[in-house]
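Novice: I'd like to ask some things about the structure below.
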Amino acid sequence: MLTIFNRPMQAIDRRSFLTIGGLSFGAGGLPLSRLLQAEEPSSSGTPSGLRHKSLINIFLAGGPPHQDLWDLKPDAPSEIRGEFRPIKTCLPGVQICEVFPRLASRLDRCTIIRSVVGCETAHAGFQCMTGWPRNSLQSLGGRPSLGAAVSKIAGPVDPTVPPFVGLASPTRHVPWSDSGSPGFLGPAFGPFKPEGPDLENMTLRSVSLEQLSDRRKLLAAVDTLRRDVDASGVMAGMDAFSQRAFDVLTGSRLLEALDLEREDPRIREAYGDGKPYQYQYDGPPTCNDHLLMARRLVEAGVRVVSLSFGRWDSHSANFDLVRDHGGKLDQCLSALIDDLTERGMLDDVAVVVWGEFGRTPKINPKAGRDHWPRVSTALLVGGGMRHGQVIGSTNRLGEHAVERPVHMQEITASLYRALGISTATTTLTDTAGRPQYLVDQQPLPELT
């Protein structure tokens, strides 16, 4: 007899079963059956004919140095331009940092935005997850993140796969591992985090490590569980949402997506694992394989995956840090672009790479760069957007935007559009019963 959570299936009643099926999702540990009920699309939910569009939101925690990534200033004084040299890309006249040779040959499938404005100085991913400053609607619970909003508006693609997943590893500086708050929508629309309690609650705990390594034994045990539950009559007595909770517990799509051992070894090698983790301190590691896992998750039906890649708070040793983090990002991001292209997914999956702000033009005495919210940078891939371009520019020293300032909300609005959601007409109802628009800005026309 298979046992879940150390309890034999034949000895449980319906209430006990629902407790067993109460997987912890979202910030409030809401039982999965209630999560799935809350996420059932309303009559005004998914627009007719909407294809399965997805987003991978890559947060460069700590604030990446814009002038050492994709907006180099080779003609600036040495105390501004730093140690890196620019390299040519496949786009005529466009140069990026030497630590991105792979990305340079794929830039025709990307858009670089060099003039991002509207940043705050806070060390958190809040604006990259919502487009809004942290204090917006704080008295009502705050603005929902893009992933939470999409969960509410569109619901799940597959009832056994959560629409919003956060892969951010836990960090000592907690805001850097924020995958996106549900805000005033409530914890039912928070991200599923496949680690810690959430992943533990998906484990059939009576299965040994040896059985877990043997997929045939595990699948046989799950089949036995399904038969036993059906025979007991418990399955027939559960409502639709509890049935879906059970499907997640015993289903395979989500668990298979999270199991990188199932991936082609050549693909895994192309992404790399980002080890050894360097310059991590109180921030996220450089988990290259999280980008591979993100691709597997959206392929399985997840609508939004957010993750934190590296700790870019380079107050000292800026150039050593960028060599390490940048080289690893170059590998896994290029592998993701190729992977999505080869699988025919590039037009359906949008990817954004950005941080909470830029860094000071002038290098400090510790060979570092400090916080600089006046301008930042972002990179976009896929999502059916028009690519092969650079939007905006900064002045000679990289101090501020001089051509086409792009507000963070314009990028967020563009991501919503890539997901098939109109920011001009779509609203969410806050806790006071008032409709709230997703963002105040319009999508970038340059991307259409």
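Novice: Arrange Cys90, Cys128 by Cβ neighbour counts within 10 Å, fewest through most, would you?
Specialist: Cys90, Cys128
Novice: Can you work out ³J(HN,Hα) from phi for every residue in the stretch 330-342, in order, using Karplus 6.51 cos²θ - 1.76 cosθ + 1.60 and θ = phi - 60°, giving whole Hz and x for Gly and Pro?
Specialist: Whole-Hz 3J(HN,Hα) from phi for the stretch 330-342: 4, 5, 6, 5, 5, 5, 5, 4, 5, 4, 5, 5, 5.
Novice: Still on this model: Can you run phi through the Karplus equation (6.51, -1.76, 1.60; θ = phi - 60°) for the stretch 353-359 and list ³J(HN,Hα) in whole Hz, with x for Gly and Pro?
Specialist: Taking θ as phi minus 60°, the curve returns 10, 6, x, 6, 6, x, 9 Hz for the stretch 353-359.
Novice: State, as an integer percentage, the relative contact order of the stretch 365-448 based on alpha-carbon contacts under 8 Å between residues 6 or more apart.
Specialist: 27 percent
Novice: Hey, can you grab everything whose amide H is under 5 Å from the amide H of His407? Only 5+ residues off in sequence or another chain; H modelled, so Pro and N-termini drop out.
Specialist: Val117
Novice: If amide hydrogens are placed 1.01 Å from N in the peptide plane, which non-local residues have theirs closer than 5 Å to the one on Gly310?
Specialist: Residues meeting the amide H criterion: Thr286, Cys287.
Novice: Does a label point 7 Å from the Cα of Lys88, set along Cα-to-beta-carbon, have any residues of the stretch 97-132 with amide nitrogen under 18 Å, and which are they?
Specialist: Counting backbone N atoms under 18 Å from the label point, the list is 97-109.
Novice: Now a separate question. How long is the gain from Thr341 to His315 if the chain were fully straight, where each residue apart is worth 0.36 nm and the alpha carbon distance is subtracted?
Specialist: Taking 0.36 nm per residue and subtracting the Cα distance, the gain is 5.7 nm.
Novice: So what are the stretch 48-158's ellipsoid semi-axes, whole angstrom, largest first, if each one is the square root of 5 times an eigenvalue of the alpha-carbon gyration tensor?
Specialist: Whole-Å semi-axes of the equivalent ellipsoid: 34, 21, 10.
Novice: Residue by residue, what Karplus-based ³J(HN,Hα) values in Hz, rounded to whole numbers, does the stretch 98-105 have, using 6.51, -1.76 and 1.60 with θ = phi - 60° and x for Gly and Pro?
Specialist: 4, 7, 10, x, 5, 4, 4, 7
Novice: Here's a follow-up. Does the stretch 77-134 come out rounded, prolate or oblate by the C-alpha gyration tensor, with a ≥ b ≥ c the root eigenvalues, rounded set by a/c under 1.5 and, if not, prolate when a/b is larger than b/c and oblate if not?
Specialist: Oblate, because a/c is 1.5 or more while a/b does not exceed b/c.
Novice: Express in whole angstrom the spacing between the alpha-carbon centres of the stretch 125-175 and the stretch 70-88.
Specialist: Each part's Cα centre sits 35 Å from the other's.
Novice: So how much slack lies between Ser252 and Thr431, counting 0.36 nm per residue of separation and subtracting their Cα-Cα distance, in nm?
Specialist: Length difference between fully extended and current span is 60.9 nm.
Novice: Please give, to one decimal in nm, the separation of the simple spin-label points placed at Leu140 and Ala122, each 7 Å out from Cα toward the Cβ.
Specialist: 1.7 nm
Novice: Also: Sorted from fewest to most neighbouring beta carbons within 10 Å, what does the list Tyr277, Tyr437, Tyr416 look like?
Specialist: Tyr437, Tyr277, Tyr416
Novice: For Glu356, enumerate residues with amide H under 5 Å from its amide H, sequence gap 5+ or separate chain, H modeled in the peptide plane.
Specialist: Gly62, Gly63
Each value in this text was obtained by applying a stated rule to the coordinates, not by laboratory testing. Every value quoted in this text rests on a predicted model; they were computed, and no experiment measured them. Don't worry about glycine lacking a Cβ; one is built from the backbone with ideal geometry, like all the others, and counts go over all protein chains shown.
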